[in-house]
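Computed from the coordinates by the stated procedures, all read-outs in this text should not be read as laboratory data. Predicted model, so just to flag it, every value in this text is computed and none were measured. Here the Cβ positions follow ideal geometry from the backbone for every residue, glycine too, while neighbour counts run over all protein chains shown.
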């Protein structure tokens, strides 16, 4: 039996990231009772956060580490619906930018990389279609 159930994924997310409730993404972009709304806003928030970090800080940043620790934990111990929300709402955002995609490839446990690549196939994204970071030509 999985340790994490889909019905609890909002509470789990907010327990691990209480600061998220103070962000504009949460205050103005979320229907708090709709799981995909909350996780979608978090996916955008954390992707934007990662894009703003200098490359030299990505691998040592505490918020980045917490994000991938939780993603790995939920993929290891969540029910099917919990795993699906992580893949759709986090990995789809990560696949938008080369910087976040490469970070995900480094931070996810090797056994979870197939989830990331499957999401890329599902949204028909290849490395050639990735967006540049904001402000990058």
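Which value, to two decimals, describes the C-alpha radius of gyration of segment 1-49 once divided by 2.2 N^0.38 Å? Display every interim value, and only then the final one.
Values: Rg = 10.8 Å, N = 49, 2.2 N^0.38 = 9.7 Å.
My calculation over the Cα atoms of segment 1-49 gives 1.12.
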> Under a point spin-label approximation (7 Å from Cα along Cα-to-Cβ), what is the residue 113-residue 15 distance to one decimal in nm?
Replying inline: 3.1
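Would segment 1-91 count as rounded, prolate or oblate if I go by the C-alpha gyration tensor, calling it rounded below 1.5 in a/c and otherwise prolate when a/b exceeds b/c, oblate otherwise?
Oblate is the answer for segment 1-91, as a/c is 1.5 or above yet b/c matches or exceeds a/b.
Highest mean first, how do 96-103, 84-91, 47-54 rank when packing is the count of other Cβ atoms within 10 Å averaged over residues? If you can, show how the numbers build up before the last one.
Working: 96-103: 19.1, 84-91: 21.1, 47-54: 15.9.
In descending order of packing, they fall as 84-91, 96-103, 47-54.
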>> With an 8 Å Cα cut-off and a minimum separation of 6 or more residues, compute the relative contact order for the chain in percent.
In response: 26
> What value, in deg cm²/dmol to 500, does the helix sum -39500 (n - 2.57) over DSSP H runs of n ≥ 4 give at 222 nm once divided by the residues of the chain?
Replying inline: -17000 deg cm²/dmol
